[in-house]
Structures are given as C-alpha cells and as structure tokens.
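Down below is the structure, laid out as structure tokens.
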Amino acid sequence: MSALEFFSLIVSTAALLGWPSRRWLKLPLTIGTMLLTVLVSLGLLALSQLYPGLKAYTLASDLKPGVGEL
C-alpha cells in the first residue's frame, strides 16, 4: 500500500465517520469522529473475540513494506 493510498484511506474513514456524527449525534466534528472510531474499534475487537477463526484483512501486513516510504 503506497503512502497515497494510506492517506486516502484515513481521509475517507474520517469523512464516513464524521458525517453521521454531524448529522445525527449533533456533536462537534472531532469529538463525534473520535467517539465513532472508538465504537468501531471496540466492535471489531468484540467480533474478533466472538469469531476467533475469522481471517480478516489486516492493514498492518500491507503497510509493513511501505513504512519506510513515509
């Protein structure tokens, strides 16, 4: 994964989590985005505990070769 792809993933995720935060939660953008990010992370952790054999796509393995580029 190149640096451009990585940064576009970060910006897209922030936009996707910022929109419901502003629209329905009526929280400031940074607080709502952080809250939704924490909830999504906890949900993914719970999912990995419920289904330990689930082989999910890991971003970390894709980023390992390109870390030196950043």
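Throughout, read-outs are computed from the coordinates displayed, never taken from laboratory work. Since we're looking at a predicted model, the values are computed, not measured. We place every Cβ from the backbone using ideal geometry, glycine too, and count neighbours over all the protein chains shown.
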| remark: HN-Hα couplings for segment 24-32 via Karplus (6.51, -1.76, 1.60; θ = phi - 60°), in whole Hz with x for Gly/Pro, come out as 10, 7, 6, 9, x, 4, 5, 5, x
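Using 0.36 nm times the number of residues separating Ser2 and Leu47, minus their current alpha carbon distance, what extension gain do you get?
13.4 nm
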| Which trypsin sites (Lys or Arg not before Pro) in segment 1-51 pass both tests, a DSSP loop state and at most 14 other beta-carbon atoms within 10 Å? | Lys26
